[in-house]
Amino acid sequence: EDQVTQSPEALRLQEGESSSLNCSYTVSGLRGLFWYRQDPGKGPEFLFTLYSAGEEKEKERLKATLTKKESFLHITAPKPEDSATYLCAVEGYGGATNKLIFGTGTLLAVQP
Amino acid sequence: NAGVTQTPKFQVLKTGQSMTLQCAQDMNHEYMSWYRQDPGMGLRLIHYSVGAGITDQGEVPNGYNVSRSTTEDFPLRLLSAAPSQTSVYFCASRQGLEDTQYFGPGTRLTVL
């Protein structure tokens with residue numbers, strides 16, 4: 001069964017204090033791994049898609065990396081506006097089509 | 001483009017009432033999905049569609065119906081609302097598998 005586990009559940013950082021969020025996954029053939037950002041009361045906002053181990057993608061202070069078992073979202077010198085819940089999801093080749101499995105997210109709080 | 005739109009934004013129902021949550025997208029996407037988001041549970045797939053006239057069940061389909069008569073619209077029907085259906089509902093769309101999935105702003109539903 002496809003599964004996604006995110007850690008930590010919550011993370012509090014000082015502004016400028018870099019850190020990483022983890023997404024561990026099991027899937028029968030990875031079609032894609034997706035990172036989203038979700039602000040309170042809003043829908044998830046797309047950040048990155050990673051397709052194969054070794055792939056990396058960057059956007060401003062965020063960098064996503066992928067191995068065969070996990071993905072990391074690295075946050076460099078975060079600012080208070082980076083505070084949000086970060087969601088990870090995977091899509092596998094097995095089973096139903098158009099089915100993303102989501103983790104429960106990491107709630108990030110960046111204090112000035 | 002408006003992207004993915006959902007109405008209403010908030011809704012309160014009594015147990016046993018029925019209602020339809022509306023979802024529309026103007027990106028000509030083939031794939032559309034409905035998720036529910038509950039604290040500590042992550043986003044869970046209710047129903048999905050891979051094109052007009054084609055729908056299938058996701059992880060938690062009981063108590064919900066969908067139809068897809070046009071590419072643009074994908075309404076979610078609650079047949080007889082129960083308190084267990086209190087949740088935040090998100091509609092999403094994507095052009096194809098492996099493509100970015102875009103989410104709507106959500107509908108917060110409370111069933112008393």
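The values are calculated or read from the model by the stated rules, or taken from the named source; none is laboratory data. Here the structure is a predicted model, which means the values were calculated and not measured. Please note: Cβ atoms are built from the backbone with ideal geometry, for glycine as well, and neighbour counts cover all protein chains shown. What goes into the accessible areas is simple: the full protein's heavy atoms, side chains included, and nothing from ligands, DNA or RNA. Shrake-Rupley method; radii C 1.70, N 1.55, O 1.52, S 1.80 Å.
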- Message: Under the rule a/c < 1.5 gives rounded, and otherwise a/b versus b/c splits prolate from oblate, where does the stretch A:5-103 land using the Cα gyration tensor?
- Response: prolate
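Ignoring ligands, DNA and RNA, what percent of the 1.4 Å accessible area of chain A is carbon and sulfur?
That share works out to 49 percent.
Ranked from highest to lowest mean number of other Cβ atoms within 10 Å per residue, what is the order of the peptides B:87-93, B:16-22, A:28-34?
Ranking the peptides B:87-93, B:16-22, A:28-34 by packing returns B:87-93, A:28-34, B:16-22.
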- Query: Which of the listed residues, B:Thr107, B:Gly96, B:Ile46, is farthest toward the dipole's positive end in chain B, when Lys, Arg count +1 and Asp, Glu count -1 at the beta-carbon?
  - Reply: B:Thr107
- Message: Please list 3J(HN,Hα) in residue order for the stretch B:104-112, calculated via the Karplus relation 6.51 cos²θ - 1.76 cosθ + 1.60 where θ = phi - 60°; whole Hz, with x for glycine and proline.
- Response: x, x, x, 10, 8, 10, 10, 10, 8
- Calculate, for the stretch A:3-111, the solvent-accessible area per residue in square angstrom, rolling a 1.4 angstrom probe over the heavy atoms of the protein chains. 46 Å²
- Message: Could you compute the net charge surrounding B:Ala24? Neighbours are other residues with a C-beta less than 10 Å from the C-beta of B:Ala24; K and R count +1, D and E count -1.
- Response: -3
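Stretched out fully, how many nm does the piece from B:Ala82 to B:Asp38 gain, at 0.36 nm a residue minus the Cα gap?
Using 0.36 nm per residue and subtracting the Cα-Cα distance, I get 14.4 nm.
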- Message: Apply the Karplus curve 6.51 cos²θ - 1.76 cosθ + 1.60, θ = phi - 60°, to the phi angles in the stretch A:19-35 and return the couplings in whole Hz, x for Gly and Pro.
- Response: 6, 9, 9, 10, 9, 9, 9, 10, 8, 8, x, 7, 8, x, 10, 10, 10
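Evaluate the relative contact order of chain B (contact order divided by residue number), counting alpha-carbon pairs under 8 angstrom at least 6 apart; express in whole percent.
Worked out over chain B, it gives 36 percent.
With the convex hull built on the Cα atoms of the protein assembly as shown, state its orientation-averaged projected area in nm².
11.9 nm²
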- Task: Over all alpha-carbon pairs in the stretch B:6-112, figure out the percentage whose distance exceeds 15 Å.
- Result: 59 percent
- Find the lysine pairs in chain A meeting two conditions, Cα atoms under 21 Å apart and a separation of 8 or more places or different chains, and report how many there are. 9
- Item | Length-normalised contact order of chain A in % [C-alpha pairs under 8 Å, at least 6 apart] | 37 percent
- Query: Within 10 Å of each Cβ of B:27-35, how many other protein chain Cβ atoms are there on average?
  - Reply: 1
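Would you mind telling me the antiparallel percentage of the DSSP bridges in the stretch A:3-111, rounded to 5?
Among the beta bridges of the stretch A:3-111, antiparallel pairing accounts for roughly 90 percent.
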- Item | Within chain B, percent of DSSP bridges classed antiparallel, to nearest 5 | 90 percent
- Task: Kindly report, to the nearest 10 Å², the accessible surface of B:Met41 as traced by a 1.4 Å probe over protein heavy atoms only.
- Result: 100 Å²
- Where the only charges are on Cβ atoms (+1 Lys, Arg; -1 Asp, Glu), what is the dipole of the stretch A:3-111 about its Cα centre, to the nearest 20 debye? 280 debye
